[in-house]
Structure formats: structure tokens, C-alpha cells
Amino acid sequence: MRLLHTSDWHVGRTFHGADLLAEQESVLSGMADLVDKERV
């Protein structure tokens, strides 16, 4: 069994007034590709 653990994403929240949703979407999309490739 392979696991990939992440935490504290707070998806959709702002950081000091900055919207990070586009960046979060990009990172999570790349992570989904990695999970698929590495069969996590």
C-alpha cells in the first residue's frame, strides 16, 4: 500500500487577502497526475 499525505490546504480560503485558488488548483492537479503515475 502506498500513501501520499498532505494537510492544511484550506482550499478556497484567502491568505492575507490574496486568493490562492488558482495556485491550489494547479498544485492539486499536478499532485493528481503524480498519484496516477506513481500508483499511490
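If you take the residues of the stretch 1-27 that are hydrophobic (A, V, I, L, M, F, W, C) and touching a residue at least 12 places away in the same chain (Cβ under 8 Å), which of them is surrounded by the fewest Cβ atoms within 10 Å (Cβ to Cβ)?
3
Name the residue that is nearest to residue 33 (Cα to Cα), counting only residues in the stretch 1-22 that are not in a loop (DSSP other than H, G, I, E, B) and not aliphatic (A, V, I, L, M).
Here the residue is 19.
Answer yes or no as to whether residue 32 is surrounded by 10 or more Cβ atoms within 10 Å (Cβ to Cβ) and free of Cβ contacts under 8 Å to residues at least 12 places away in the same chain.
Criteria met by residue 32.
Read-outs throughout are calculated quantities, based only on the coordinates presented, and are distinct from any laboratory measurement. Worth saying up front: this structure is predicted, and the values here are computed from it rather than measured. Ideal geometry is used to build each Cβ from the backbone, glycine not excepted, and the neighbour counts take in all protein chains shown.
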